Amino acid sequence: MLEQFVLSVIVDNHAGVLARVSSLFSRRNFNIDSLTVSATDFPEISRITIVVKGDAYTLDQITKQLLKLQEVKKVERLFPENSLFRELLLLKINAPVESRSPIKDAVEIYRAKILDMSPVTMIIELTGQQSKIDAFLEIMEPFGIVEMCRTGITAMERGMSTIYDPSTITD
């Protein structure tokens, strides 16, 4: 049975690293479900959050292959029970005047934000777990989705635990 794995990967922050990481997946025929890259509080490193589906063998192979790349400093699997997983959604929907009240009600219930309103559309921002984003989209679909953009999962461990180890970050 396939399981979803969330990996946090610390890499050198320079051109070409993302291409090397993503090409590793395609060469090995692993599919990436979600990939986000972000700056960290260390200018010389970036954090890549990768979501993949597979079995224990697949996870082991992905981890070993990533660690073979010179730019990869650390790979850590994040578990839902001790980590926070979030996505960002930007959603443009049809919003004629007669639809605005129920849209605003849903925005309030889901703790979303209306970022922009034109005479016929609204742009809404929502941050949350994947299931919350999916549920909100289901509610918004009858209004007519004009355009949307999702970031994919970004994640971090709770508490004092950290993926950073200064001895592995700088050479």
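Structural remarks
- Which listed residue, of L2, L88, L35, L84, is open to solvent by 40 Å² or more (accessible area, probe 1.4 Å), out of contact with any Phe, Trp or Tyr (no Cβ under 7 Å at 6 or more places or on another chain), touching a residue at least 60 places away in the same chain (Cβ under 8 Å) and over 19 Å from I163 (Cβ atoms): L88
- Taking the criterion of being among the polar types (S, T, N, Q) and crowded, with 16+ Cβ neighbours inside 10 Å, no residue of segment 67-81 qualifies.
- Residue match in segment 11-26 (condition: of a type in the set (S, T, Y) and in contact (Cβ under 8 Å) with a residue 40 or more places away in the chain): no
- Matching residues, segment 122-155, being part of a strand (DSSP E or B) and either crowded, with 18+ Cβ neighbours inside 10 Å or of a type in the set (D, E, K, R) (or both): M122, I123, I124, E125, L126, G128, E147, R150, T154, A155
- Of all residues making up segment 91-121, the number that are more than 30 Å from G159 (Cα to Cα), of a type outside the set (D, E), surrounded by fewer than 15 Cβ atoms within 10 Å (Cβ to Cβ) and touching a strand residue (DSSP E or B) at 6+ places or on another chain (Cβ under 6 Å): 1
The values are calculated or read from the model by the stated rules, or taken from the named source; none is laboratory data. Small disclaimer: the values here were computed from a predicted structure and weren't measured. We place every Cβ from the backbone using ideal geometry, glycine too, and count neighbours over all the protein chains shown. These area figures cover heavy atoms from the full protein model, side chains too; ligands, DNA and RNA do not enter into them. Shrake-Rupley method; radii C 1.70, N 1.55, O 1.52, S 1.80 Å.
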